Amino acid sequence: MCHAVSCHLDLAQSSSSSSSSSSSKQHIGSSDNNNNESVQKSSSSADHKNNNSSEYPDLIHFCGECRWKDTLYNCDERVAWEMENRPHKASSEYEAKKRNLLYCTKPDESHISDLFCGECQWKDVEDVDCNTRVAWEVENKKLTEIEARKRNLPYCRRPPYILSPLCGHCVRDYVSNSTSKMYRTGTPCFDIMVRRMNHGLAKTATDAARLVAEEFPDCRRCQPETCWKSYFEELKMDVTGLDDANEGYPTKYWRFDQAAPKITSPTTLVLPSIPKEFRIPPSRFADIEVFLTEKYRAFEGSNDTKHVEIFIEYNPGLAPVPHKMKKFLPRYSAYLVAFRVTPANNCFRREDMVDLPQKVWEHTMMSATNLLGIAILDEDYEMLKGYDVVLDIATQLGFQKDGYGTTYFGEPTFMDYRLFTLNEEVYLHANADVTVVTKLDLRMKEYARKPRSGQFKLDNVYGGDNLVITMLHEFNTIWSGGDRGKNFALFSVPNSTHPNEPDSVYAEVNINPYHKVQQLYLDDVEMLKRSFIKKRIRRNFSVDKIMMRKVKTNGNLTISDIEPSPSFFTVDEHWFPGMRPAFRKAGHGGACCVSLSREEALAQGSHINLAAESWGEHNDYLLVGLAHTSVVWRRWYKDKLVPDSDKAMIPHTHYVSFFYAFEPRPPFNLRARSGYFCLGFAGDDGTEGGMFNSHSTLTKNRKLSQHNETFSCGQIHFISSFIEKVGDSSQTVVGYGINDCTSRLVEVSKKEIARMLFSDPWDMKIEKSKEMRKNMQPYELQMHLKW
C-alpha cells in the first residue's frame with residue numbers, strides 16, 4: 001500500500017513550482033538503482049493511460065497521482081517508465097500497474113473520517129484540538145487534509161463510546177402508574193426530567209435525573225451515584241467497597257462500529273456464473289445513470305420479457321453440506337451458499353442519480369426480478385470451480401406475476417433466499433407473500449437421477465450443467481406469523497420425548513421483546529381454502545397455489561418471558577432518549593442458531609459471569625442467534641416542511657444487529673441479548689479471502705449514520721446466515737449482505753460471542769478510568785431534548 005503520508009500528489013502544488021520540480025521529474029528510474037536511470041517524461045503521459053484498464057477489478061484501487069514510494073514522481077509516471085524501459089517485466093500498462101499496486105493504492109479515506117475526532121485535545125497540549133493541528137499541518141507542512149488526519153490519528157482517535165452519569169435504560173424507563181392518552185404504558189422518566197428542567201427545578205440533566213429517581217421508584221436507574229450497582233445486582237455480584245466515596249461510575253454508550261465482535265477470515269463472495277456482460281463494469285461507476293439508461297433502452301427495445309441485463313448477488317445464506325449428500329458432490333465440498341441475484345441494489349445513493357428516469361429506476365434499482373444463486377464452497381469458503389449456478393424458480397414454475405417485462409413493477413415472487421441443514425436435509429427458505437420453504441437435492445451431473453412425481457429438476461439459467469438441483473416437493477407456506485410473516489429462522493433441537501427420532505424443527509416467528517416460536521413439520525401440509533389466503537398483505541395471485549399449502553404445526557405458538565436487559569448500551573439511547581427511540585424495539589431475522597455451552601462461555605475468562613438469572617438453572621447449553629432492527633419510519637420523512645438537517649439526524653433504512661441467547665426447550669425463554677452493533681465493509685483487493693468483488697468499493701457510498709455522525713459500516717448490513725464452522729466447533733460463520741450490493745462471510749469465535757452476551761459490567765458497561773471520565777460532562781449537556 002502507499003505510505004500514509006506520501007500517498008497523494010498535490011498536482012496544483014506541483015504546477016505552481018514546475019520550474020523547480022521539472023528537472024527532478026526527468027529522473028524516474030527504479031529505486032533499486034538509486035534512481036540513476038533516467039528517461040524523458042512523456043509530454044502526453046495523461047493520454048498514455050489506458051482508459052480501459054479500469055475494466056480490471058483488481059486495478060480499480062490504482063492511484064495514478066499518488067507518489068511512487070518516497071520519490072518526487074507519481075505512479076502514472078512510474079508505470080510509463082517501466083513500460084518503456086522494462087518491457088520484459090511490464091509489457092503492458094496492466095502489468096506495470098499490477099507490479100506497482102503495492103505502492104500505488106488509493107488511500108481509503110472513509111475509515112479516517114469515521115475514526116478521526118476533530119474536537120478532541122491534540123496530545124496533551126492545552127487549547128489545541130485535533131482540527132486545529134490538522135489545519136496547521138495543511139498550511140505549514142503542505143499536506144492534504146486526509147494525510148494530516150492520518151498522521152494524527154493516534155492522538156485524535158474518536159473514543160469508542162460516550163460516557164454519561166445516567167445508567168442504561170434510565171431514559172427508556174417509565175412510571176407505570178402515571179398513564180395518559182399520550183403515555184398509555186406510563187410516563188417516561190426522561191420526559192419527567194425535561195419537565196423538572198423546564199420548571200427550573202434542575203439546571204442539568206444529571207440534577208433532574210437525581211430528582212426523578214428519588215421521587216419515582218420506577219426511575220431508580222436514573223440515580224447517578226448509585227444506579228451503576230444494578231448492573232452487579234442483576235448478576236448477584238457483591239458491590240461492597242467498590243465506591244466508598246459514593247461518587248458513582250459513568251455508563252458507556254458504545255458506537256455501533258466499535259461494539260462489533262472481533263472477526264477473522266473475512267471472505268468476499270462472487271458468483272462466476274453471472275455473465276460478465278450482466279455486471280456493472282468499474283469504468284461505468286462514475287456515469288451510472290447513463291449506463292443504467294443504456295441497459296434499460298436495450299431491454300425495452302428487445303421485447304424481452306425476462307429482465308434488464310444487470311445482476312448483483314448479495315445476502316449469502318450459508319449451510320453445511322449434509323453428510324449423506326457429500327458422496328454425490330465434488331471432493332472438498334463443505335458448505336452450500338444461496339444468493340439473491342437481482343438488478344435491484346443499493347450500491348449507489350439515490351441522491352447521486354437524481355436525473356435517472358423513474359421508469360429506469362423501477363426496472364433496475366427496484367426491479368422485481370429476483371433469481372436464486374447457489375454455489376458450493378470448501379472449508380476455506382472458496383467456491384468450487386464449475387459448481388455455481390443461477391436459477392429462475394419463479395419463471396420455471398409459473399409463479400412470476402406478469403413476467404418481468406416492462407409493464408410490471410412491484411413485489412418479486414421470491415426473494416431473500418436462505419438455506420438450512422436440518423436432520424441431514426437441505427431446505428430452501430424464501431420470502432414470497434409470506435414465508436415459503438421447500439427441500440432440495442444437490443448432485444453432480446454424473447449422479448443425477450430422474451425426478452419423481454411431485455419433484456422438479458430446476459433449470460440452470462447460468463452456470464453450466466455440472467450441478468443438478470432438484471426440488472423434492474412443492475413450496476409449502478409457513479403461516480405461523482400471520483399475513484406479514486417473513487425471514488423466519490429455522491432451527492432444530494433433539495426430540496425430548498423420542499431421543500432416537502429426528503430432531504424437532506422450529507421457526508422463530510418473533511425474536512424480541514417476547515420470543516415466539518412454532519414447531520413445524522416442513523414436509524407435511526394442510527390445505528387451506530382460497531378464501532383464507534386472500535387476507536395476506538402482499539397479493540401475488542400466481543402464488544395462491546403455494547399459499548394454500550400450509551406447513552403443519554405441532555401445538556400452539558410458544559411465547560417466552562420478556563427479554564432481559566442488553567449486555568451493553570449504545571449511542572442511540574443517549575442521543576434519542578424517552579419513548580421515541582431511533583430503532584424499532586422488535587428485532588427481525590436474522591439467522592439462527594448456534595449452540596453455546598457453559599464451558600464454551602466460561603472459556604472467555606474470569607470476567608465472564610454466568611448467574612442463574614442470565615444462564616438458567618438447568619441449561620447445559622443455550623442457542624444463540626443474530627437479529628437485526630432498523631430505524632423507525634417517521635411520517636415527517638416525506639414532509640417537505642421538515643428541514644433536511646432534522647431528517648439527517650435520524651435517517652431511515654439504517655440497520656443494526658444484536659446477538660441473543662435462549663433456552664433450547666419450550667417456551668424458549670430469552671436469557672441474554674447484546675447491545676446493537678454493525679458489521680463492517682469488505683476489504684480492498686488482496687486483503688480478504690475469496691474473489692474480489694468490485695462492487696465492494698461502492699458499498700462505502702452509503703454508511704450507517706445517525707446524529708450527524710457516520711460509522712465504519714454500511715447503511716444496511718443484512719445478516720442472512722449464522723452457523724457453526726465445519727470442523728471447528730469453537731468458531732461460527734456469519735454471512736451478510738452489505739448495502740444490497742455485495743456478500744461477505746466472517747468468522748466469529750464463540751468466546752467473542754460469550755463476551756458480547758455475558759461480559760462483566762466493568763468490561764462493557766462501566767468506565768473506571770479517570771482519564772476517560774474527563775469526557776463525561778460535555779456529553780451529558782449535549783442531550784437533544786427535542787427528540
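The values are calculated or read from the model by the stated rules, or taken from the named source; none is laboratory data. No experiment lies behind these values; they were computed from the predicted model shown. Here the Cβ is made from the backbone with ideal geometry for all residues, glycine too, and neighbour counts use every protein chain on show. Calculation scope for accessible area: heavy atoms of the full protein, side chains included, ligands and nucleic acids excluded. Shrake-Rupley method; radii C 1.70, N 1.55, O 1.52, S 1.80 Å.
In this structure ILE716 has an accessible area near 10 Å², from a 1.4 Å probe over the protein heavy atoms. For the set LYS123/LYS700; LYS262/LYS725; LYS486/LYS516, the pairs lying more than 19 angstrom apart at their alpha carbons are LYS123/LYS700. Here's the list of lysines a cross-link from LYS252 could span, going by alpha-carbon distance under 16 Å and ignoring same-chain residues fewer than 8 apart: LYS229, LYS765, LYS768, LYS770, LYS774. Calculated on the alpha-carbon coordinates, the convex hull of region 603-704 measures out at 210 cubic angstrom per residue.
Packing order of peptides 468-478, 370-380, highest average first: 370-380, 468-478 (average count of other Cβ atoms within 10 Å over each peptide's residues). The largest accessible area among ARG350, ARG744, ARG184 belongs to the first residue in ARG184, ARG350, ARG744, and the rest follow in falling order (1.4 Å probe, all chains).
Solvent-accessible surface of protein heavy atoms, probed at 1.4 angstrom with all chains present, puts SER749, SER645, SER496 in the order SER496, SER645, SER749, largest first.
Shape class for region 412-563: oblate, because the ratio a/c of the largest to smallest gyration tensor axis (alpha-carbon atoms, square roots of eigenvalues) is 1.5 or more and b/c is at least a/b. When VAL493, VAL125 are compared by accessible area of protein heavy atoms, the largest-first order is VAL125, VAL493, using a 1.4 Å probe.
Across region 309-438 the C-alpha pair distances fall into 10 Å bins from zero in the proportions 12, 38, 30, 16, 4, 0 percent. In this view, the solvent-accessible surface of HIS323, computed with a 1.4 Å probe and all protein chains in place, comes to about 140 Å². Per atom type, region 273-403 shows carbon and sulfur on 50% of its accessible surface, probed at 1.4 Å.
Computed with every protein chain present, the accessible area of GLU234 is close to 80 Å² [probe 1.4 Å].
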